[in-house]
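Heads up, the thing below is written out as structure tokens.
The values are calculated or read from the model by the stated rules, or taken from the named source; none is laboratory data. All values reported here derive from a predicted model rather than from experimental measurement. In this analysis, Cβ positions are derived from the backbone assuming ideal geometry, glycine residues included, and neighbour counts consider all displayed protein chains. Each accessible area value is taken on the protein alone, full model and side chains, heavy atoms only, with ligands, DNA and RNA left out. Shrake-Rupley method; radii C 1.70, N 1.55, O 1.52, S 1.80 Å.
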Amino acid sequence: MPVKLNGDSLKAVDLVRVARGMEKIEISNESKEKIRRSREVVEEMFRKGETAYGTTTGIGELASVLLTEEQAKEFSKYMIYSHAGGCGEPASIEDSRAAIVSRINVLCKGVSGVRLEVVEFLTEMINRYVTPVMCKTSVGACGDLAPLAQAMLVPMGEGEAFYNGKKMTGLAALTATELKPINYGIRDGLAVINGSNLTTGMASLEVYDSDILIKTSEIAAAMTFEALKAVTMAFDDEILRLRGFTGGIACAENIRRLIEGSKILVKQERVQDAYSIRSTPQVVGTIKDSLNYTRKQVEIELNAGADNPLFVPKENGYRYLAGANFQGTPIALPLEMLGTGVAILSVISERRINRLLNPNLNIGLPGFLIKGAGLYSGIMIPQYTAASLVCENRMLCTPTAIGSIPTAADQEDFVSMGTNTAIKTRKIINNTSYVIAIEFLAAAQALDLRGGTPGKGVKAAYELIRKYVKFLDKDRPLYPDIEAIAKLVREGEILKAVEKEIGELK
């Protein structure tokens, strides 16, 4: 079934279905009526000769320049032209689709004054898999102007687009799908670009992927706990409830379920373990809480009147509202927190990898998890790789949301840099997926060397990994193994295998 857009109920997971799963979208009848009514407000303001930013006037420093009606009709086209000034590698197809669908849902709110024909055209474009090319250079206020303007060239039969996996002219893509170019009218140009929708679209995908990654990291941690014969008291429910944080309680519960039925962890041989083991619920739980906050902010933004100005129909007239609902900070700051949280996942995972490999710390396992160390180096070098990725993540955690540089002759003197935050958060997620993959590589090897039967959840993950990566009995190139496990991590296959056995993780 198509994902229905009404400006009020779009979830991050719905956007993933459309952006990545290539499902179709549909505008609700209620939203069509809202869009029509808001458009009537724009037309009435023109008839009355009233001032409306970016509609009867220019924008930014030119906001005080009044346009004639004829100029206003041309203004939308020239706005798209002038603002399509990005550069560099284009956004991925899924990021571009997410951005455009996010913008369509904003327009479905019915406060942007755009023509319904424009919203319907964008919907058809998405449903026929025409994906406009957009570069990711944006300051995140007044919206993601440059990327969205580049994308919005395509409905005019200009710019570039991806279709059937190929990059071509916008006109060629429309022609291939039997869509005829449209002309933007009064107000339309600003309405389709004036929001932080590339940031929001990317953030939605990153929230979805982070959820999978965080839960998968708990599975990797549990496998390591089995291999290192961890003291299970650290995951007792009462400990976490006495602290009181929701994420910590959920993380400890997940770990207990993952190791349930273990024949390895029956006898507790130590009083307590190192922090990277016994602090896992407190650390990963905090990241869960950060994710939940970020998801909440992103889903508010997905359904927000994120535009300027706003044309709000009322029972006895209308309200024209000019403000700053395009500002990307409400997404940029939570994304900074999420990126830092995912980076922390990589930090604690790398420390657990070290404990698995170090013969002084790994509770009787051979050094670097290989028999015959000396001739063989075992899993020594993947820990170097993890350390390198952690270092890069630390650099990427330098906040960009405080990096405002004034634009538009200081009319737009504070900007969010939210798109840059989304770009680096994606890189942190990718880096961390590799670190978690290396922990799985080491933990599975350690389980084989340890012997015994792990918990049901851990066993499900172990068995899936062993379908793709065999036991290391002597040295071989390990980069294919890391790539294979990282693919399982990113695509959620390890999580699916575990949840099939023990039910959904929290």
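Rounded to the nearest 500 deg cm²/dmol, what is the calculated helix-only ellipticity per residue at 222 nm for the chain, with -39500 (n - 2.57) per DSSP H run of length n ≥ 4?
Numbers: 19 runs with 281 residues, N = 506.
Dividing the helical sum by the residues of the chain leaves -18000 deg cm²/dmol.
If you rank Lys467, Lys48 by how much accessible surface each has, with a 1.4 Å probe, what is the order from largest down? Walk me through the intermediate numbers first.
Numbers: Lys467 160, Lys48 115 Å².
Final ranking, largest accessible area leading: Lys467, Lys48.
In this model, which of Lys456/Lys496; Lys136/Lys167; Lys427/Lys487; Lys11/Lys424; Lys24/Lys167 are farther than 19 Å apart at the alpha-carbon? Can you show the working numbers first?
Working: Lys456/Lys496 14 Å; Lys136/Lys167 17 Å; Lys427/Lys487 15 Å; Lys11/Lys424 23 Å; Lys24/Lys167 21 Å.
Where the Cα-Cα span goes over 19 Å, the pairs concerned are Lys11/Lys424; Lys24/Lys167.
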TODO: Taking Cα Rg over 2.2 N^0.38 Å as the quantity of interest, determine which of [x] 1.02; [y] 1.11; [z] 1.40 was computed from the displayed structure.
DONE: [y]
TODO: Kindly rank 432-445, 489-502 from highest to lowest mean number of other beta carbons found within 10 Å of each residue.
DONE: 432-445, 489-502
Open item on the list: I'd like the orientation of helix 280-302 relative to the chain: the angle between its Cα long axis and the longest Cα principal axis, in ° from 0 to 90, rounded to 10.
Closed with: 10 degrees
- [ ] Would you calculate the volume per residue, in Å³, of the smallest convex hull containing every Cα atom of the range 455-502?
- [x] 61 Å³
Task: FRET efficiency estimate (nearest 0.05) - Cβ-Cβ, Lys427 to Thr453, R0 51 angstrom - done: 0.85
Task: Full-stretch length increase - Val13, Thr246 - with 0.36 nm per residue and alpha-carbon distance subtracted - done: 81.7 nm
Open item on the list: Can you give me the angle between helix 456-468 and the longest principal axis of the chain, using Cα atoms only, in degrees from 0 to 90, rounded to the nearest 10?
Closed with: 80 degrees
- [ ] Would you please give the residues with an amide H less than 5 Å from that of Glu160, counting only those at least 5 places away or on a separate chain, with H modeled from the backbone geometry?
- [x] Val133, Gly170
Open item on the list: Using a 1.4 Å probe on the protein heavy atoms only, what accessible surface does Ser404 show? Give it in Å² to the nearest 10.
Closed with: 40 Å²
- [ ] Could you pull out every residue, at least 5 positions away or on a different chain, whose amide H is within less than 5 Å of the one on Glu412? Hs are placed 1.01 Å off N in the peptide plane, and Pro or chain starts have none.
- [x] Thr407
Open item on the list: If each residue of separation counts as 0.36 nm, what is the full-extension length gain between Glu33 and Ile363 once their alpha-carbon separation is subtracted?
Closed with: 112.0 nm
- [ ] Between the alpha-carbon centers of the range 418-443 and the range 450-490, tell me the distance in whole angstrom.
- [x] 19 Å
Open item on the list: If I fit a long axis through the Cα atoms of helix 329-357 and take the longest principal axis of the Cα atoms of the chain, what angle between them do I get, 0 to 90°, rounded to 10?
Closed with: 20 degrees
TODO: Describe numerically, in nm with one decimal, the distance between label points set 7 Å from Cα along Cα→Cβ at Lys24 and at Tyr81.
DONE: 3.5 nm
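Show me the ranking of peptides 316-327, 99-110 by mean Cβ neighbours inside 10 Å, starting with the highest.
Details: 316-327: 14.7, 99-110: 28.1.
The packing order, highest mean first, is 99-110, 316-327.
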